[in-house]
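Throughout, read-outs are computed from the coordinates displayed, never taken from laboratory work. Worth saying up front: this structure is predicted, and the values here are computed from it rather than measured. Here Cβ is always computed from backbone atoms with ideal geometry, including for glycine, and neighbour counts include all displayed protein chains.
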Amino acid sequence: MAIIYYAVAFGVSVILTLIHVFFYHRHYDIHITLTFVLVALSNLGFLMISQSRSVEAALLGNIIVYIGGCYLILMITLVVFSLCDIRLNRYIKMLLYVIATVVFFFTLQIGRNELYYVSAEIYSEYGATVIQKEYGVLHIFYYIMVIAYFLMGLVAVFIGVFKKNQVSNRFIVLLALPEAFCILSFFGGRKLFPAVELVPLAYDLALIVYLIITHKLVLYNLPDTVIETVVQNGDTGYISFDFKLKYLGSNETAKGIFPELNDLTVDKPINGYNLNDTLLDWLEDFIDDNSNDKAFHKKDDRIYLVNIGYLYDGRRRRGYQMYITDDTKNQQYIALLDKFNTELKAEVEQKTAHIVEMHDNLILSMAVMVESRDNSTGGHIKRTSECVRLLVDEMRRGGEFDLSDQFCKNIIKAAPMHDLGKVAVDDAVLRKPGRFTDEEFAIMKTHAAEGAKIVHEILKGTDDEEFHKLAENVAHYHHERWDGSGYPEGLKGEQIPLEARIMAIADVYDALVSKRVYKESMSFEKADQIIMEGMGKHFDKRLEAYYVAARPKLEQYYREIE
């Protein structure tokens, strides 16, 4: 049964070590990691002793146990000092390591002479091997070292509790537990259970405590050690809180800006410290809406910018972080230029709007001029523009095409330009009061490509490249057909730009329901029949639903302008 106990203790220590490795973070003190390794090694030594069948094998396992015995108490002590924010001189650390190494060297004398063990024998108890030993003169140094390091750890704990309000008291209590487990099991366990060592169990309990500590450890390490000086004394202030709005820490810069931080205790809620109108309100606003991630704080003659974000542990969010920078010069500059910028912006917008209006009027005038040459299409550009608008409105409601505001604005604006190419068509053809011959129709078809060239030249140099391209496409491809039978390029399907596909429906619909010199206006029913029959052939089938939805408004519009 005892062997099972030692085997389980060793297995648990290995599992706990693997858990620690899995959640390892660069903020962890290296001595914590060494503690996990040494515990697993020591528990292996206890297991080896319990299974040994000779004195030599038992003593080998015993030496492995002493590796942990000599260094573990040192690791635990150094962890306590580190996490209590007590810095030890590196020479003192080196001395402590040397002492532990010398004592471990003494243990290597076991089996060689009587300086550490006068005698050692083995016997079986509860199915496991136990070493019966008589200690020599050097063993007293081991006791002295263990007690000394334990007392050093207690001193660090008391300093942390009473003088370090920037260290969580709950954290300090957790730090004291591993030392207490080890010392009590080492000195008291043998009296309670002489045949079974309680130290492996104490070691495992200590590791569990360290896992709890390391889970929260990164929250209390405000600065990265590499940039600690910059974080603590630089121009930027840092303040950290957990998700329960408990204070985790801040640097000296932040404390200078918010002196109330000096009164805060780590791991305590921040409410009740005269920070409700500043830090607490800003945090609550950020929690309600993450876009509220900036605030300004005036102190004396300075203005500070407070950026609020999440505190990350790797990729996990663990709390909130505030970054505070002196923004006085920027704010003064902004205040100085605010009125000037406002007036300048208004003036620029006014002039820009005037230029755009002149440009649009020029284009519209050209379209009207072209239309005036074509005695068969009076009012065509105005009507097709309205048809395009009604179609686009329905498409936006449907959502399949995800049309942007800019696209909708541009296609309505570009619609009057679709027939600009007719300016290049001879009057004899353009103004013919009847149907075209094949030759005349071939000439007429050139207006699409010519229109694209004209639009390109008109808009060449404009800053709005998106509108430039869209307007060219409308003029160039509005006579293309979905099945590839259109002109001038014979494009097919989605090769035809969407704006041209929309324009095609508006253009044909207006041609059908409007009166021309060579035909009477067609009834809405007949025009609708032709349009629907053209879906999937002449027109994009996916636009059918939007045409159907817009049809009542189209008919109402044409009735109103009759």
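Residues with amide H under 5 Å of Tyr320's amide H, sequence separation 5 or more or different chain, H placed in the peptide plane at 1.01 Å from N; which?
Those qualifying (amide H under 5 Å, at least 5 residues apart or on another chain) are Phe241, Asp242, Leu311.
Over 21 Å between Cα atoms, which of Lys382/Lys409; Lys422/Lys445; Lys432/Lys453; Lys492/Lys537 qualify?
Where the Cα-Cα span goes over 21 Å, the pairs concerned are Lys432/Lys453.
Could you check the simple spin-label distance between Ile3 and Asp293, using points 7 Å along Cα→Cβ, in nm with one decimal?
6.1
Per 0.36 nm of contour for each residue apart, how much would the distance between Glu533 and Arg317 grow if the chain were fully extended, relative to their Cα-Cα spacing?
Using 0.36 nm per residue and subtracting the Cα-Cα distance, I get 72.0 nm.
Can you list the aspartates and glutamates whose alpha carbon sits under 20 Å from that of Lys526, skipping same-chain ones fewer than 8 residues off?
Leaving aside aspartates and glutamates fewer than 8 places away in the same chain, those within reach of Lys526 are Asp507, Asp510, Asp540, Glu544, Glu555, Glu560, Glu562.
List the chymotrypsin sites (Phe, Trp or Tyr not before Pro) within region 101-132 that fall in a DSSP loop (any state other than H, G, I, E or B) and whose Cβ has at most 14 other Cβ atoms within 10 Å. Mind showing how you got there, number by number?
Numbers: sites: Phe104, Phe105, Phe106, Tyr116, Tyr117, Tyr123, Tyr126; in loops: Tyr116, Tyr126.
Sparse-neighbourhood loop chymotrypsin sites (Phe, Trp or Tyr not before Pro): Tyr126.
At 7 Å along Cα-to-Cβ for each site, give me the label-to-label distance between Ala545 and Arg396 in nm.
1.9
Which length gain, in nm to one decimal place, applies between Tyr123 and Leu245 when the Cα-Cα distance is subtracted from 0.36 nm times their residue separation? If you can, show how the numbers build up before the last one.
On the way: separation 122, 0.36 × 122 = 43.92 nm, distance 5.83 nm.
Extending this stretch completely gives an extra 38.1 nm.
What trypsin sites (Lys or Arg not before Pro) in region 20-108 are in a loop by DSSP, with at most 11 other Cβ atoms within 10 Å of the Cβ?
Values: sites: Arg26, Arg53, Arg87, Arg90, Lys93; in loops: Arg26, Arg53, Arg87.
Those satisfying the criteria are Arg26, Arg53, Arg87.
In nanometres, what is the gap between the two model label sites at Phe141 and Glu465, each 7 Å from Cα along Cα-to-Cβ?
Distance between the two pseudo-spin positions: 7.9 nm.
Write down the Å³ per residue value for the convex hull defined by the alpha carbon atoms of region 385-478.
Taking the convex hull of the Cα positions in region 385-478, it is 109 Å³ per residue.
Scan around Val118 for amide H atoms under 5 Å from its own, H built in the peptide plane at 1.01 Å from N, and keep only partners 5 or more places away or cross-chain.
Here Glu134, Tyr135, Gly136 satisfy the definition.
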